Amino acid sequence: MERRGFLIVLAAFAAAAGSGCYWQRYPRLVETHLGLLSDFAEKLQGLAEDRVVVPAERWGEFTYPLDRARDFSRIVAGRWPGRASLAAFDRAVDAYAGLVADPAVLVRGDAVAEISLGRDVLEQRIAEARAALAAEG
């Protein structure tokens, strides 16, 4: 029984140490997600400019980064619910969500303009998130 108690304590310590590493990587993980959202928005605009339509069954390529960013936010919100960089990150994620809300965006006659405008908003939100992250330094 004593060995089992030791193993439980050891497992709890390992989990705490591992989660501490996660929290230390917060700035890098925020930046990774922001970069991916920007990259996929750029790809979406390129598709619109080339008049390439993505079938709904392949739209997951664009929603997967959104889902991962939302998961990240949900996880870290428990640790830092009032963090300014996280609120700014969420606004950037929401801007990206608007871009990828409907695969039919690529079919519209004004797809290039609509996506370009959405990308401008996204890039502004990304800049705000990066500034908030830097301010927390």
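Regarding the range 77-92, can at least one residue be identified that is over 18 Å from residue 106 (Cα atoms), among the hydrophobic types (A, V, I, L, M, F, W, C), in contact with a Lys or Arg (Cβ under 6 Å, 6 or more places away or on another chain) and modelled with pLDDT of 95 or more? The answer is yes; a qualifying residue exists.
Quick check on the range 101-122. Is at least one of its residues touching a Ser or Thr at 6+ places or on another chain (Cβ under 8 Å), under 16 Å from residue 28 (Cα atoms) and part of a helix (DSSP H, G or I)? No - not one qualifying residue is present in the range 101-122.
The values are calculated or read from the model by the stated rules, or taken from the named source; none is laboratory data. Everything numeric here is computed off the predicted structure, so don't read it as measured data. Quick reminder, even Gly has a Cβ in these numbers, built from the backbone with ideal geometry, and neighbours come from all protein chains shown.
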